[in-house]
Every structure is written in C-alpha cells, then in structure tokens.
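Contents: one structure, followed by commentary.
The values are calculated or read from the model by the stated rules, or taken from the named source; none is laboratory data. These figures come from a predicted structure and were not determined experimentally. All Cβ positions, glycine included, derive from the backbone under ideal geometry; neighbour counts span all protein chains shown.
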Amino acid sequence: MIPLPRHTTWIDDTEKGTNVFVPGIMGAGVLLSLGILISDGIARLRGTKGQRRERDLIAGYIADDVLSSIHLTHTTDPARGLRKRRTYLVAGALFVGIGIYGLIGSFWNYINPVDDGWVEDVAWAWALSMVAVVGLISVGVLLTYFGLRHPDLPPWARRFLSRTPIGIAPDEG
C-alpha cells in the first residue's frame, strides 16, 4: 500500500482537482452563453431604439410627402431627427482634439529620445494607437460636417443619424 499525504489540495494533484474545476467552469460558460442568446433573441423581437427612431423618421417623411401631394403645407421641422447644431460642433471639436492629443502622445512615446522611445520595441502598440487616433479624428470630422451643414444634410447623413445614437428621436427633440 502507498501512503498518501495527510493534507492534499487540488494543486498537489491536478488531475483530481480539475475533474471538478474544469467541467464547472465549462458549465458556467454554457449557462452564460445560453443567457446571452436568450436575451438577444428577446431584444430582436422587441426591436431596438434605433429601429424605432428610424421608423418614426421615415413615417414623418412619408406623411410630409402625402400632405404635399394634396397641396397641404409641410408640418415637419427640417431639423427633425437631429440634435442641435452646437451639439455636433462641440462633439466634433472634442473628438478631433482628443485625436490630435493621442497623435502627439503616441508619436512622442515612439520617438522619445530620452527614453529611446519606450514603445519602439512594440510597434504594434503604436500601430494600435494610430488606428484609435484615425477613428477619433474621423468621427470628429464627420460630426463637425454634420454641425456645419445642419439642418440641410444629404440623405446618406440623415440615414446615418437615424440609425445611430448620434441622431435624436423626433419625440425627444
């Protein structure tokens, strides 16, 4: 007979400990995945806020077309579905400013002569920060464009705003 130590833990004998630990974690993962799938299915059936906002805007445009075809005046505000002009301009300036700040900081961290560029050896970190900077500046430029053209936006911009949180529902304005 082989004597066993008096106090054993699952770390001492990993095979014995993982017989309970690994299936337990896998079971929790399966339950979490099922919960996420069920909540996504319910959300799809109910529709999202963006879909409802887009539907309300399209209904308003159709109503305007019908009213104008029978020679009644338009009742819809041209800024329907849009936030205030200054909201787009301020948000655009903030996004561009943060993007430029990130651009300067990431370049300095890459070429810093004092510390020999602490991210010099990990160029992927610099590249990742450049992707973030380009994204921030792009969103900032787009928001500034929306602010400058407000309320006479092209159709693609109205569709974009009706499908994103950047726009506003007609009843919220």
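Numbers for the structure displayed
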{"read-out": "Qualifying position, being surrounded by 14 or more Cβ atoms within 10 Å (Cβ to Cβ) and either among the small types (Gly, Ala, Ser) or modelled with pLDDT of 90 or more (or both), among 153, 143, 148", "value": "143"}
{"read-out": "Residue pairs meeting the criteria (Cβ under 9 Å; at least 6 apart or on separate chains; first at pLDDT below 65, in segment 53-82; second among the β-branched types (Val, Ile, Thr) and surrounded by 11 or more Cβ atoms within 10 Å (Cβ to Cβ))", "value": "none"}
